[in-house]
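To keep things clear, I will list the structure first and then write my remarks on it.
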Amino acid sequence: VLVYLLPLLALLATGPLVPRAREDGSLELLLSQPVSRARYLNVALGVRWLGLVAPLVLLFLGIGAAAALLGAPLPWGFLAQALGVSATLLFAFAALGLALSCTARTSAHALAALLLAWLTAVALLDFGVIGILLRWQLAPQAVLVLAALNPVEAARVALLAGAEPDLATLGPVGFYLADRLGPTGLVALGVGWPDVSGHQRGAWG
């Protein structure tokens, strides 16, 4: 649920920003002040990212409080790991939304680009990778690299690794990843790659 919902929320938070500000005249007014374009975009990205992460932190704390009241054991390490992966996934797609926002001429164009970006990221989770494997008969290692380039897939594997280090849910592919990268490597991939891609897209925007 997180890997499907969080990218969409992040894209919708930043995607309409520039076209909407351009249409209502606030962008022209703001840029007439001694504020650089880069600073405006960085602040806008940071504020919206914090606005998305804060409710997520409260949700995780609420889960911990509910578990404590019920007397159920709670893996705080896993919750902290899941929060870190989710926060970096939000950052990657908030930065992507801002980059798309800078290129869109109208709010309608921005919304169409956001939905296309979200569908592309989600489609590459399973069906896209399986389709590539069947159509071109690439080596499994090449397919895994293509899958890892998708921040959603990297975050998904990291979240699964936190709950199931051997990735048995993914079958032979999961065992291969767990053997090659290990739980620490999978988490580092799920946190590091979305963060790097978010910074690259933010700089481009």
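Can you pull the one-decimal nm distance between simple spin-label points at T184 and T103, each 7 Å off the Cα toward Cβ?
So the label points at T184 and T103 sit 3.8 nm apart.
Put a dot 7 Å past each Cα toward the Cβ at F78 and Q33; how far apart are the dots in nm?
So the label points at Q33 and F78 sit 4.6 nm apart.
Apply the Karplus curve 6.51 cos²θ - 1.76 cosθ + 1.60, θ = phi - 60°, to the phi angles in region 49-59 and return the couplings in whole Hz, x for Gly and Pro.
5, 5, x, 8, 6, 4, x, 5, 4, 4, 5
As an exercise, use a Förster radius of 22 Å and the Cβ-Cβ distance of L119 and A54 to find the FRET efficiency, rounded to the nearest 0.05.
The formula returns an efficiency of 0.20 here.
Throughout, read-outs are computed from the coordinates displayed, never taken from laboratory work. All values derive from a computational prediction rather than experimental measurement. All Cβ positions, glycine included, derive from the backbone under ideal geometry; neighbour counts span all protein chains shown.
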